[in-house]
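First up is the structure itself, then whatever we jot down about it.
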Amino acid sequence: MKSHFALLLLFFIQQIPFAQLPAGFAKFEIAGELNPTDLAIAADGRIFLTEKNGLVHIVKDGILLPDPFVILDVEDYNEQGLGHIALDPAFPAEPFVYLYYTVSDGNGLSHNKIVRITADGNLAVPGSEEILYECDQSFGTIHQGGDMVFGNDGKLYISTGDKG
């Protein structure tokens, strides 16, 4: 049943020449050749954009800033890498950026971790990375996904994949 649905959906998608935006929306490119995984929009309008390879970029006033906010050492093989970002609910007054990414132990195993980094303007404060949580080791490289979001109660909620 699922395969028939997928084929039917694919047929209809191929019949649409290009995506139609709703009235009031505009499409414009601000950067190319990136491998984005997530984004977070700060109250001051900056967009924090994560890439699978461990780079966090900032888009300010519609322009991708030349220097990355931070470069993380990640394991980005297959479905691993820098996956998610969340900004403190009071950001930028509370300048904390939360990141969810995969690291390798160097022996063929990896695990995900959640860290908090302090921002100073458009750059991370060197050495400010604080590990908040480290997931169990994984033997697989798939299903490493997850997400992070702040609830209305101000708490950071985290979901994880099943790690293959």
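The values are calculated or read from the model by the stated rules, or taken from the named source; none is laboratory data. The structure presented is a predicted model; accordingly, all values stated were derived computationally and were not measured. Glycine also receives a Cβ, built like all others from the backbone with ideal geometry; neighbour counts cover every protein chain displayed. Heads up: the accessible areas ignore ligands, DNA and RNA and are worked out on the full protein's heavy atoms, side chains in. Shrake-Rupley method; radii C 1.70, N 1.55, O 1.52, S 1.80 Å.
Quick one: how many residues across region 18-66 are hydroxyl-bearing (Ser, Thr, Tyr) and in contact with a Gly (Cβ under 6 Å, 6 or more places away or on another chain)? Give the derivation first.
Going through region 18-66, the residues hydroxyl-bearing (Ser, Thr, Tyr) turn out to be 37, 50.
If we keep only those that are in contact with a Gly (Cβ under 6 Å, 6 or more places away or on another chain) as well, we get 37.
Residues that pass the stated criteria total 1.
Could you check how many residues of region 53-73 are open to solvent by less than 70 Å² (accessible area, probe 1.4 Å) and either part of a strand (DSSP E or B) or modelled with pLDDT under 95 (or both)?
8
What is the residue count in region 129-160 for residues that are open to solvent by less than 50 Å² (accessible area, probe 1.4 Å), more than 17 Å from Val74 (Cα to Cα) and either in a loop (DSSP other than H, G, I, E, B) or free of Cβ contacts under 8 Å to residues at least 12 places away in the same chain (or both)?
Residues flagged as open to solvent by less than 50 Å² (accessible area, probe 1.4 Å), more than 17 Å from Val74 (Cα to Cα) and either in a loop (DSSP other than H, G, I, E, B) or free of Cβ contacts under 8 Å to residues at least 12 places away in the same chain (or both) within region 129-160 amount to 2.
If I ask for residues that are of a type outside the set (A, V, I, L, M), open to solvent by 10 Å² or more (accessible area, probe 1.4 Å) and touching a residue at least 24 places away in the same chain (Cβ under 8 Å), which ones from region 111-127 would you list?
His111, Asp120, Asn122
Mind listing whichever residues of region 73-88 are under 14 Å from the mean Cα position of the chain (by Cα) and under 26 Å from Gly151 (Cα atoms)?
Within region 73-88, Gln80, Gly81, Leu82, Gly83, His84, Ile85, Ala86, Leu87 qualify.
If a residue must be under 15 Å from Ile63 (Cβ atoms) and either outside any loop (DSSP other than H, G, I, E, B) or in contact (Cβ under 8 Å) with a residue 12 or more places away in the chain (or both), how many such residues does region 29-38 contain?
Selection size over region 29-38: 3.
Based on this model, can you work out whether Asn107 counts as on the phi < 0 side of the Ramachandran plot, modelled with pLDDT under 90 and open to solvent by 80 Å² or more (accessible area, probe 1.4 Å)?
Taking the combined requirement at face value, the residue satisfies it.
How many residues does region 96-110 contain that are assigned to a loop (DSSP other than H, G, I, E, B) and either in contact with a Leu (Cβ under 6 Å, 6 or more places away or on another chain) or of a type outside the set (Asp, Glu) (or both)? Don't jump to the end; show me each part of the working.
First, the residues of region 96-110 that are assigned to a loop (DSSP other than H, G, I, E, B): 105-109.
Imposing the further condition that a residue be either in contact with a Leu (Cβ under 6 Å, 6 or more places away or on another chain) or of a type outside the set (Asp, Glu) (or both) reduces the set to 106-109.
So the answer is 4.
All but one of (1) at pLDDT 95 or above; (2) not in a loop (DSSP other than H, G, I, E, B) hold for Pro126; which doesn't?
(2)
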